[in-house]
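Input: a single structure, listed below in structure tokens.
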Amino acid sequence: MTRVLELEGITKRFGATLANDAVSLHLDQGEIVALLGENGAGKTTLMSILFGHYTADEGAVRVNGALLPQGKSRAAIRAGVGMVHQHFALAANLTVLENVMTGTEPLWRLRSDIAHAREKLRRLSERFGLAVDPDARVSDLSVGERQRVEILKALYNDARILILDEPTAVLTAQEADTLFAKLRAMAANGLSLIFISHKLHEVMSASDRVVVLRAGRVVAERATGATSKEELAELMVGSAVERPVRPPARPGPVVLEARDVTVPGKGGASLKGISFTLRAGETLGIIGVSGNGQTTLAGLVSGLVAPRTGHLDVKGRPLRPGVPQAIAAGIGRIPEDRHAEGVLGDMTTWENAVLERIWSPEYSRGGVVRRGAARETAARILRDYDVRGAQVDARVRLLSGGNMQKLILGRVLEAAPDILVAAQPSRGLDEGAIAGVHRRLIEARDRGCGVLLISEDLDEVIALADRICAIVGGALSPVIPAERADARLLGLMMAGDWRAAEGIEAEALDAGATHAV
């Protein structure tokens, strides 16, 4: 095979943190390599060095045998390296074609060659099977379609080496399957790919070879066909990984009840007369394809949006709209978008750790913040929730996404909420971190917290929920007990076929399950 990329002894430090420690790896033409590791293992840093966002302290990068200048993204692009970031960098108000063309023409050109660009985009779309309307506005595209636009942007710049950072972090299972089918076809066309992932089933199904990082170092390299998910999980965390088993629930009184709640919105973002109950000491799982009202539902219970009609009660009392009111009512939340809603990146770790309780007597008196108490809480969260690479006084934006999620989880559970809204709680986490999050959610439930779990991960919902329903077009399906759930039935429910679920709900009601949705 033709060697197209070599990273030789890459070392990178951020202050006292050693992000990459003498990392070497290679990539051959037409090969798909998965870069696997825990949150904070140094994967994104390494790829950012390759793409020119960072400069390595030591080491070299070679593309097709030629030394690549470091710290210069333009040089990487000219050498045929493209990168698709986990968080899309698209202008929502521009069309697909305009986004793809941005930055590709010299400033002195008086007129854009739109006809040529449109034809080139059409050829790329056909060659790699990435169909998208060039005239569609990005704001109108689904998440999966935006992913295609990001890939087409890289291909438009004549990328022959493509790096994808957590490419399925915001995709549904169906969109992820489609994406990897496209990536395999692209590799067959001569493209070489590196993708970062925490999802072992994706690594096993899509890659030719796996490189495992732990604490910034390469600890293993395996041909995908010669390894297993179990071995990779153990290599990644340094020990065997076992997800916790949910014991039977012991539900208490109703802590949250929605009755015929309607929330206006666009399409699937609205809620249409939903009703449900949540009891203390149980987990109600809500599954659904992205865009069917999950975000609105989480916002409703968290106080971010108000119902237009119907009633939402907490412990028998109406919930007044507003985040402070929801927090005062004993509601905690893990938002689905940790960057936009979970943390303030330019604030310190300790500030983020107490952000939602900063006005409480524990952390402020007479309008003055008790920084010592806040720092103690932050240090305890970092220790107890295994938030790696964090420093109490450092900016929180320096954390990896997975470690941000651990910080948010610790912040919420430290407050001991009566109701917890957990929206996509393990999205983007590694196997070890997922097991830790699941254990914490089960412990919260067993302490008497009512957990509203909103997730697109069927395995997660089956593992954690005591009762399950689907949200489709802003409406909730009948409820089913978790022990009656399987991937096929839940898939039908997510598609809007509720006939089997209605029968199961009727059976549960006949058996005396009086707290069904």
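The values are calculated or read from the model by the stated rules, or taken from the named source; none is laboratory data. Everything numeric in this text was worked out from a predicted model, so none of it was measured. Here the Cβ is made from the backbone with ideal geometry for all residues, glycine too, and neighbour counts use every protein chain on show. Side chains are part of the model used for accessible areas, which takes the heavy atoms of the whole protein and leaves out ligands, DNA and RNA. Shrake-Rupley method; radii C 1.70, N 1.55, O 1.52, S 1.80 Å.
Residues whose amide H lies under 5 Å from that of ILE358, counting only those 5 or more places away or on a different chain, are absent; hydrogens are built 1.01 Å from N in the peptide plane. Each of THR55 and GLU507 was given a label point 7 Å from its Cα along the Cα-to-Cβ line. The distance between the two points is 6.6 nm.
What fraction of the Cα pairs in the stretch 228-297, stated in percent, has a spacing above 14 angstrom? Cα-Cα pairs in the stretch 228-297 separated by more than 14 Å: 72 percent.
FRET efficiency for GLU483 and ALA66, Cβ-Cβ distance as r, R0 = 41 Å, nearest 0.05? Using R0 = 41 Å, I get an efficiency of 0.10.
How much net charge surrounds LEU179 when only other residues with a Cβ under 14 Å from its Cβ are counted (Lys, Arg +1; Asp, Glu -1)?
-2
Sorted largest first by accessible area at a 1.4 angstrom probe radius, with every protein chain in place, the residues LYS12, LYS229 fall in the order LYS229, LYS12.
Calculate, for MET1 and ARG383, the FRET efficiency according to 1/(1 + (r/R0)^6) with r their C-beta to C-beta distance and R0 41 Å; round to the nearest 0.05. Before the final figure, lay out the partial values.
Values: r = 46 Å, r/R0 = 1.12.
It comes to 0.35.
Each residue was assigned an accessible area with a 1.4 Å probe, and for VAL305 the value is about 50 Å².
For the chain, treating each Cα as an identical point scatterer without solvent, what Debye log10 I(q)/I(0) comes out at q = 0.06, 0.07 1/Å? After summing over all Cα pairs, the log10 values are -0.31, -0.42.
With a 1.4 Å probe and all protein chains in place, put HIS87, HIS26 in order of accessible area, largest first.
Details: HIS87 100, HIS26 45 Å².
Most to least solvent-accessible, the answer reads HIS87, HIS26.
Site pair ALA115 and ARG397 shows an inter-label distance of 4.4 nm when each label is modelled 7 Å from Cα along Cα→Cβ.
Step by step: find N for the stretch 195-329, compute 2.2 N^0.38 Å, then divide the Cα radius of gyration by it. What's the final number? Before the final figure, lay out each step's value.
Values: Rg = 21.7 Å, N = 135, 2.2 N^0.38 = 14.2 Å.
In units of the 2.2 N^0.38 Å rule of thumb, it is 1.53.
The packing ranking of peptides 399-406, 273-280, 294-301, highest mean first, is 399-406, 294-301, 273-280, where packing means the average number of other beta carbon atoms within 10 angstrom of each residue. Under the criterion of Cα pairs below 8 Å and six or more residues apart, the relative contact order for the chain equals 15 percent.
With θ taken as phi - 60° and the Karplus curve 6.51 cos²θ - 1.76 cosθ + 1.60 applied, the whole-hertz 3J(HN,Hα) list for the stretch 140-157 is 8, 8, 6, 4, x, 5, 5, 4, 4, 4, 4, 5, 5, 4, 5, 5, 4, 7 Hz, x standing for glycine and proline. Amide H contacts of LEU476: SER275, each under 5 Å away and 5 or more positions distant or on a separate chain (H built 1.01 Å from N in the peptide plane; Pro and chain starts excluded).
With only the Cα atoms considered, the stretch 273-356 has a convex hull volume of 124 Å³ per residue.
Largest accessible area first, the listed residues TRP350, TRP498, TRP359 line up as TRP359, TRP498, TRP350 when surface is computed with a 1.4 Å probe on the assembled protein chains.
May I ask you to compute the full-extension gain from ASP346 to GLU231, defined as 0.36 nm times their residue separation minus their alpha-carbon distance, rounded to one decimal in nm?
Values: separation 115, 0.36 × 115 = 41.40 nm, distance 3.81 nm.
Here the segment from ASP346 to GLU231 would lengthen by 37.6 nm.
Amide H contacts for ARG250 (H built 1.01 Å from N in the peptide plane; partners 5 or more residues away or on another chain; cut-off under 5 Å): none found.
So what is the relative contact order of the stretch 297-437, in percent, for Cα pairs below 8 Å that sit 6 or more residues apart? Could you put the intermediate results ahead of the total?
Working: 192 pairs, mean separation 40.6, N = 141.
Answer for the stretch 297-437 is 29 percent.
Sequentially through the stretch 249-259, phi angles give Karplus couplings (6.51, -1.76, 1.60; θ = phi - 60°) of 7, 10, x, x, x, 5, 10, 9, 9, 10, 10 Hz, Gly and Pro residues having no value and appearing as x. Over the stretch 1-94, Cα pairs under 8 Å with separation of 6+ residues give a relative contact order of 28 percent.
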